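What follows is a single structure, written as structure tokens, with notes after it.
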Amino acid sequence: MQQRIEETLFTPVLGEYDVIVAGGGPAGIGAAIAAGRHGARVLVIEHFSCLGGMWTSGLVNPLFDYENKGGIVQEIVDKINDAGMNDHSGHMYTFDMEYMKLLLDRLVAGAGADVLFHTNVVRPVMRDGAICGVVVENKGGRAAYMGKIVIDCTGDGDIAVRAGAPYTMGRASDGACQPMTLMYKISHMDYVQRYPNPLGKKTELFHIMKAGAEAAGLHDYDFNFDQPCLLKLPGLHTGVMQMTHMRGYNGTDPLDLSKAEMEGRERVWEAIHFLKTYCDAFKNVQLDQTAAMIGVRETRRIRGEYEISFADMQAGRRFPDGFATCAFGVDIHQPTGKSQENDIPPIRPYQLPYRSLVPLQVENLLVAGRCISGCFEAHASYRVTGDCVAMGQAAGTAAAMALQKKVSPREMDGAEVARAMERDGARL
């Protein structure tokens with residue numbers, strides 16, 4: 001088989017921006033809004049047809065760890081509440097995903113940012129070790145957009161890695177990553193899951209499912225996951241389910257991702273059949289939608305100027321350049337087991353430092369979202385969406401300020417970034 005083809009490509013430059021944001025998920029919208037409001041000319045590039053990433057294309061609820069952030073994530077929550085598009089599953093805040101799409105369109109446009117949907121960022125444009133733009137492909141073909149600063153909000157750190165930034169992946173012992181989950185939306189059920197679980201370590205829903213199986217004589221049913229969560233959404237008898245777990249796949253391998261998506265749909269239909277057949281509260285359940293993208297919990301962690309450690313979390317460490325406080329626990333879905341780790345030592349709320357957003361070895365680049373610099377355990381805490389918005393806000397604020405000061409993001413004083421965020425309503 002031929003091992004490669006050789007091409008000579010002439011790629012037109014279609015635009016020049018101050019800040020290019022790769023990825024329009026929670027981190028990306030935080031970056032775009034912050035940079036735009038601070039006066040930068042911003043382009044957001046998103047693979048799907050809407051902003052929101054895991055919130056919208058991934059159907060991920062609830063909105064974890066937003067309560068102590070202030071800033072852009074609190075603004076989003078307030079606007080959702082004002083529209084009556086919110087609900088709660090126990091203490092967990094949920095929202096309507098369709099309204100979230102519209103709201104994010106309005107907020108990003110209101111900040112003056114341009115948006116390209118249905119567009120893939122395929123590689124960075126580099127000059128003397130610094131990123132100065134990106135090459136994209138979409139319905140219009142292949143093109144380049146030049147940017148003074150690029151913020152990688154792809155989740156996987158795709159742009160940072162292709163630009164030459166070092167990274168780590170998976171747990172220290174064997175490199176294994178947490179499993180993926182395909183979320184799905186259901187309706188016509190007569191059950192609201194209670195949180196916290198009153199029946200022990202496994203969720204209440206798991207006990208109901210297990211009891212239903214045993215009543216039907218299925219004493220050895222092979223459950224895929226023992227912590228299934230049904231999260232109530234706005235509207236009657238409607239929710240999203242976090243149940244399917246696809247293990248052993250590499251979220252940066254396109255073939256693995258494809259196989260995981262296909263396995264996920266099989267597992268969703270298996271779950272719907274099980275619920276209809278063995279659980280009375282779900283006898284009329286209807287599958288409304290599976291997510292357009294599988295939920296990838298973990299892939300690359302880009303090595304930065306500071307790596308958040310487990311010791312930092314245990315100490316509840318604060319930093320001079322701390323821009324947000326993460327209060328979410330270490331949530332490790334077992335790479336090889338069927339549960340979540342429950343023997344992790346407790347942590348205290350800790351700050352996220354600006355330096356963890358600054359990759360090593362590449363200039364004019366920032367990262368935000370689950371791919372920032374931290375250890376395996378830290379990643380399992382800060383990867384949730386409320387923290388990702390705050391990371392994006394920090395990156396977008398820093399990028400705009402660095403341009404105004406004519407310094408690189410690496411030279412930017414993180415404490416100054418944090419103070420600017422505080423003036424913009426963030427809580428440090």
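The values are calculated or read from the model by the stated rules, or taken from the named source; none is laboratory data. Since the structure is predicted, the reported quantities are computational estimates derived from the model, not experimental observations. Here the Cβ positions follow ideal geometry from the backbone for every residue, glycine too, while neighbour counts run over all protein chains shown. The accessibility values were calculated without ligands, DNA or RNA, using every heavy atom of the protein model including side chains. Shrake-Rupley method; radii C 1.70, N 1.55, O 1.52, S 1.80 Å.
Please specify each residue of region 140-173 satisfying the condition of being assigned to a strand (DSSP E or B), open to solvent by less than 20 Å² (accessible area, probe 1.4 Å) and either free of Cβ contacts under 8 Å to residues at least 40 places away in the same chain or not small (G, A, S) (or both).
I149, V150, I151, D152
When residues of region 365-380 are filtered for being surrounded by fewer than 24 Cβ atoms within 10 Å (Cβ to Cβ) and under 19 Å from D321 (Cα atoms), how many remain?
1
Please work out which residue is least open to solvent (accessible area, probe 1.4 Å), limiting yourself to region 384-410 and to residues that are out of contact with any strand residue (DSSP E or B) (no Cβ under 9 Å at 6 or more places or on another chain) and outside any helix (DSSP H, G or I).
Among those residues, the one meeting the criterion is V407.
Give me the pairs: first residue in region 282-302 and without any contact (Cβ under 8 Å) to a residue 12 or more places away in the chain, second residue crowded, with 23+ Cβ neighbours inside 10 Å, beta-carbon distance under 9 Å, and six or more apart or on different chains, which are they?
Note: pairs meeting the criteria are K283/L275.
Name, by its number, the condition in (1) surrounded by fewer than 18 Cβ atoms within 10 Å (Cβ to Cβ); (2) of a type outside the set (D, E, K, R); (3) closer than 30 Å to T168 by Cα that does not hold for M246.
(1)
Out of all the residues in region 34-44, is one or more within 23 Å of Y195 (Cα to Cα) and open to solvent by less than 10 Å² (accessible area, probe 1.4 Å)?
no
Here is a yes/no grid of residues against (1) under 15 Å from the mean Cα position of the chain (by Cα); (2) touching a residue at least 12 places away in the same chain (Cβ under 8 Å):
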residue: E363; (1), (2): no, yes
residue: A368; (1), (2): yes, yes
residue: E377; (1), (2): no, yes
residue: A380; (1), (2): yes, yes
residue: G392; (1), (2): yes, yes
residue: V407; (1), (2): no, no
residue: E411; (1), (2): no, no
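Filter region 184-238 down to residues that are among the aliphatic types (A, V, I, L, M), surrounded by 14 or more Cβ atoms within 10 Å (Cβ to Cβ) and part of a loop (DSSP other than H, G, I, E, B), then give me how many there are.
4
Out of contact with any helix residue (DSSP H, G or I) (no Cβ under 8 Å at 6 or more places or on another chain), at pLDDT 95 or above, among the acidic types (D, E) and farther than 30 Å from Q361 by Cβ: does that describe E214?
When the stated conditions are applied, E214 passes them.
Do we find a residue being open to solvent by 10 Å² or more (accessible area, probe 1.4 Å), more than 23 Å from E67 (Cβ to Cβ) and touching a Pro at 6+ places or on another chain (Cβ under 7 Å) anywhere in region 338-353?
For region 338-353, residues open to solvent by 10 Å² or more (accessible area, probe 1.4 Å), more than 23 Å from E67 (Cβ to Cβ) and touching a Pro at 6+ places or on another chain (Cβ under 7 Å): absent.
Go through region 90-124 and report how many residues are over 30 Å from H237 (Cβ atoms) and open to solvent by 30 Å² or more (accessible area, probe 1.4 Å).
Matching residues across region 90-124 total 11.
Name the one entry in T244, T277 that is hydroxyl-bearing (S, T, Y) and in contact with an Asp or Glu (Cβ under 9 Å, 6 or more places away or on another chain).
The conditions single out T244.
Listed residues R348, R419, R423, R355; which is of a type in the set (K, R) and in contact with a strand residue (DSSP E or B) (Cβ under 9 Å, 6 or more places away or on another chain)?
Going through R348, R419, R423, R355 in turn, just one is of a type in the set (K, R) and in contact with a strand residue (DSSP E or B) (Cβ under 9 Å, 6 or more places away or on another chain): R355.
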